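Structure, as structure tokens:
The values are calculated or read from the model by the stated rules, or taken from the named source; none is laboratory data. Being a predicted model, the structure only gives us computed values, none of them experimental. Methodologically, a virtual Cβ is constructed for each residue, glycine included, from the backbone with ideal geometry; neighbour enumeration extends over all protein chains shown. Please note that ligands, DNA and RNA were not included when accessible areas were found on the heavy atoms of the full protein model with its side chains. Shrake-Rupley method; radii C 1.70, N 1.55, O 1.52, S 1.80 Å.
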Amino acid sequence: MLEIRHLKTLVALRETGSLVDAAERVHLTQSALSHQLKDLERRLGGELFVRKSRPVRFTPAGKRLLALADDVLGRLEDAEREVHKLLHGEAGRLNMAIECHSCFNWLMPTIERYRNHWPAVELDFSGGFTFEPLPALVQGDIDLVVTADPQLIRGVEYVPLFAYEMQFALGREHPLAERPWIEPEDLLEQTLITYPVERSRLDVFKQFLEPAGVEPASVRTAELTLMMVQLVASGRGVSALPNWVLAEYVDQALITVRSAGPRGVWPILYAAVREAQLDAPFMQDFLRLAREHCLKHLTGVRRVSS
């Protein structure tokens, strides 16, 4: 009666919160997904979730099947990974570079889980603020780059991890905190605090200021996120950072945040990988674990279809 596809559908419905998004996740039309669920409920003799609820609310029967899905699908993934190891070997190298300078707080837990799955894979990091990772990826010096700035390079594939909102961090008493959102012209008289990298790699310039032809009054750099937040909190300027980075400082009442424009700016974070290595089992498992961890633990991020 129950099939793996049913369990995957229920998990997709729980994680996305809607039939439309769940259908996209499992590569079905909404009509086909609805039919699949109604057929399953008919066979079981009862409803599994409450219709027209958002996010979707599951009945006790639905929650029991979700618990089963978490167990069975987890075991299935473990078995598939072990089979890949047996067929293709366990060893490899995963040398990473990070263009997202706030990513270590989710990357380290991902790596910890990954080491348990692939103890024979050699893990390392390369980089710094002046390091150019994408050329190094092409040359084979590194194997994966976390970046929000994809460039068309032959032989390089960009795998979306998640979308995030770039938000402005403001001191709690800052005059701009009274605005519902920030417009580019609002920065004409502001000090913008950024990481010490080229403007072409910063979302606030690429996707917000430069299209509007606006230049802030001045730009100040800081290497550490906490230092940037402290400068903002003390009224030394404003900063633009990912929403999931700023969430903890908002919770601590150090700062307040506003969106960039009425619709916000939503960049996508990618993993850049050489095409020749993309299908390696140890690479695919790292990408899966990274995406899974981020979507579960980072505040305000969104899933992006591959």
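List of remarks:
- Candidate set from segment 193-208 (those that are part of a loop (DSSP other than H, G, I, E, B) and of a type in the set (A, V, I, L, M, F, W, C)); member that is farthest from residue 258 (Cα to Cα): 197
A quick yes/no check of all residues on (1) touching a strand residue (DSSP E or B) at 6+ places or on another chain (Cβ under 7 Å); (2) hydrophobic (A, V, I, L, M, F, W, C); (3) within 26 Å of residue 236 (Cα to Cα):
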{"site": "248", "(1), (2), (3)": "no, no, yes"}
{"site": "256", "(1), (2), (3)": "yes, no, yes"}
{"site": "259", "(1), (2), (3)": "yes, no, yes"}
{"site": "276", "(1), (2), (3)": "no, yes, no"}
{"site": "280", "(1), (2), (3)": "yes, yes, no"}
{"site": "292", "(1), (2), (3)": "no, no, no"}
{"site": "304", "(1), (2), (3)": "yes, yes, no"}
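- Out of 218, 259, sole residue that is among the polar types (S, T, N, Q), modelled with pLDDT of 95 or more and touching a Ser or Thr at 6+ places or on another chain (Cβ under 7 Å): 218
- Flag if residue 102 is of a type in the set (Gly, Ala, Ser), at pLDDT below 90 and under 30 Å from residue 199 (Cα atoms): yes
- Breaking point among (1) in contact (Cβ under 8 Å) with a residue 24 or more places away in the chain; (2) in contact with a strand residue (DSSP E or B) (Cβ under 8 Å, 6 or more places away or on another chain); (3) not hydroxyl-bearing (Ser, Thr, Tyr), for residue 24: (2)
- Scanning segment 272-282 for residues that are of a type in the set (A, V, I, L, M, F, W, C) and either modelled with pLDDT of 95 or more or surrounded by fewer than 21 Cβ atoms within 10 Å (Cβ to Cβ) (or both) yields 272, 273, 276, 278, 280.
- Within segment 284-306, the set of residues being β-branched (Val, Ile, Thr) and either over 16 Å from residue 25 (Cβ atoms) or out of contact with any Asp or Glu (no Cβ under 9 Å at 6 or more places or on another chain) (or both) comprises 299, 304.
- Any pair with Cβ under 6 angstrom, 6 or more apart, that starts in segment 244-266 at a residue that is aromatic (Phe, Trp, Tyr) and ends at one that is open to solvent by 30 Å² or more (accessible area, probe 1.4 Å): 244/299; 244/300
- When segment 162-183 is filtered for residues that are of a type in the set (A, V, I, L, M) and within 12 Å of residue 237 (Cα to Cα), the ones remaining, listed by number, are 169, 170, 176.
- Hits in segment 283-303 - residues which are of a type in the set (A, V, I, L, M) and open to solvent by less than 30 Å² (accessible area, probe 1.4 Å): 283, 287, 289, 290, 298, 301
- Matching entry among 26, 56, 11 (being farther than 25 Å from residue 75 by Cα, hydrophobic (A, V, I, L, M, F, W, C) and within 29 Å of the chain's Cα centre (by Cα)): 56
- Residue satisfying all of: in segment 204-260; surrounded by 15 or more Cβ atoms within 10 Å (Cβ to Cβ) and among the hydroxyl-bearing types (Ser, Thr, Tyr); nearest to residue 189 (Cα to Cα) among these: 239
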